[in-house]
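First up is the structure itself, then whatever we jot down about it.
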Amino acid sequence: MTAEVLVLPGEGIGPEVIAEAVKVLEWFTTYRDLELSIRSEPYGVEAYKRYGTLIRDEVFADLLQADAVLFGATGGPEFDALPREAKISGNLLAIRKHMAVYANLRPVMAYDELSDVTSLKSSAVQNVDLVVVRELNGGIYFGEPRGRELIGDGIERGINTLIYTTPEIERIARVAFELAHTRRGHIHSVDKSNVLETYKLWRDVVDHIGADEFPDVPLSHIIVDNCAMQMIRDPKQFDVILADNMVGDILSDLAGAITGSLGMLPSASLSDYDGNGRRRALYEPVHGSAPDIAGQGIANPLGAILCVGLVLEHSFDLPGEARLLKQAVRKVLAVGIRTPDIQTGNSRAVSTKDMGDEVVRALTRLSNG
Ligand code: IPM
Ligand code: MG
């Protein structure tokens, strides 16, 4: 059976960057040992205009069958203007939950080639190679009770709930420990256990999984405010950063400052393996829909293109091919080809499409040479 990649370009710059990612994926199916069917479906505002819903029921169901789902971005003024009910079923959070992709991996690499782009000192970010492991199916994003209510005298109250159970923490901790095994092998687990009970539990459970199942992996606990400061002060000290849903969201954007642009960051969200050794996987660039630059052809497609690398690695077990792609990206950056977000003095500003074409050319050159 041919493996299937389901593509949802989505909103804002999503369609522009995903077009380049698909181009790169097609290069692998055409020239390398990878057989795939790639199917694209409208998502979000575009789907709403055509079908009256963010995602058609049959496509929503297919998210569970696809070997990999490549998602562009969602959000923006047009999305905001949709009726409230229309924004609930099939939104990005509903997709993540439906697919049970609780393990969100956000690798952050400092490219030497971009050392002139980051606002941090290049000596501080050089050789940074870390991954944020973000819990994606729980925490305050999904906790009940939630909502807004009038409590009289024109006063309104907003409520959200930060909630985690032992098994939810255990499973994401295991992902982080297993990942650490394949890397330099150090985990920083982030919490705010000095103030909040949920994070006390988080810390206890992570400790317990470490001691019982991964005694050889060094584990440090770090309070979130200090972690944010340390990530800017000396990001090289980090290898695997384990965080809950909201903390992981915030720290992964912060990590974008290390690479120089949020436009560089890919992510993979993975479920557990089922009885047949399959797992669901959703790949998204971290940057989001960037409505302010949508449609201009200037968005950086490298986050989306690097998602293809994660697809090759995590869904098709082709780490060598993933490395080839990373090498191609480096080559393109090295010769100063840049989208505006990463452009500096003597580099050349190119369009989203040109950047995709350049990566494909670099792949061809690398595989021929
Ligand atoms: C991300 C984004 C999303 C999140 C938004 C778009 C809901 O910021 O993937 O980091 O908060 O998870
Ligand atoms: Mg975010």
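The values are calculated or read from the model by the stated rules, or taken from the named source; none is laboratory data. Keep in mind that what you see is a predicted model, and the values were worked out from it rather than measured. Glycine gets a Cβ as well: all are built from the backbone with ideal geometry, and neighbour counts include every protein chain shown. For accessibility, only protein heavy atoms count, side chains too; no ligands or nucleic acids. Shrake-Rupley method; radii C 1.70, N 1.55, O 1.52, S 1.80 Å.
Key figures for this structure:
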| quantity | calculated |
| --- | --- |
| Wholly within region 181-294, helices (runs of 4 or more DSSP H) carrying at least 1 residues that are within 16 Å of ligand 1 (Cβ to nearest atom) and more than 30 Å from residue 317 (Cβ to Cβ) | 224-233, 245-259 |
| Among (1) within 24 Å of residue 222 (Cβ to Cβ); (2) in contact with a helix residue (DSSP H, G or I) (Cβ under 7 Å, 6 or more places away or on another chain); (3) open to solvent by 10 Å² or more (accessible area, probe 1.4 Å) - the single one residue 268 does not satisfy | (3) |
| Cβ pairs under 6 Å, 6+ apart, first in region 166-183 and in the same structural domain as residue 279 (by TED's automatic domain parsing), second open to solvent by less than 70 Å² (accessible area, probe 1.4 Å) | none |
| Answer from 275, 210, 260, 256 - the residue that is open to solvent by less than 60 Å² (accessible area, probe 1.4 Å), modelled with pLDDT under 95 and more than 16 Å from ligand 2 (Cβ to nearest atom) | 260 |
| Residue among 82, 93 that alone is touching a residue at least 24 places away in the same chain (Cβ under 8 Å) and outside any helix (DSSP H, G or I) | 82 |
| Residue match in region 133-152 (condition: open to solvent by less than 10 Å² (accessible area, probe 1.4 Å), assigned to a strand (DSSP E or B), over 22 Å from residue 21 (Cα atoms) and out of contact with any Phe, Trp or Tyr (no Cβ under 8 Å at 6 or more places or on another chain)) | yes |
| Filtered residue count, region 289-318, keeping only those that are open to solvent by less than 20 Å² (accessible area, probe 1.4 Å) and touching a Phe, Trp or Tyr at 6+ places or on another chain (Cβ under 9 Å) | 7 |
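Here's the yes/no breakdown for (1) open to solvent by 60 Å² or more (accessible area, probe 1.4 Å); (2) hydroxyl-bearing (Ser, Thr, Tyr); (3) farther than 20 Å from residue 291 by Cα:
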position: 31; (1), (2), (3): yes, yes, yes
position: 38; (1), (2), (3): no, no, yes
position: 41; (1), (2), (3): no, no, yes
position: 47; (1), (2), (3): no, no, no
position: 59; (1), (2), (3): no, no, yes
position: 69; (1), (2), (3): no, no, yes
position: 80; (1), (2), (3): yes, no, no
position: 85; (1), (2), (3): yes, no, yes
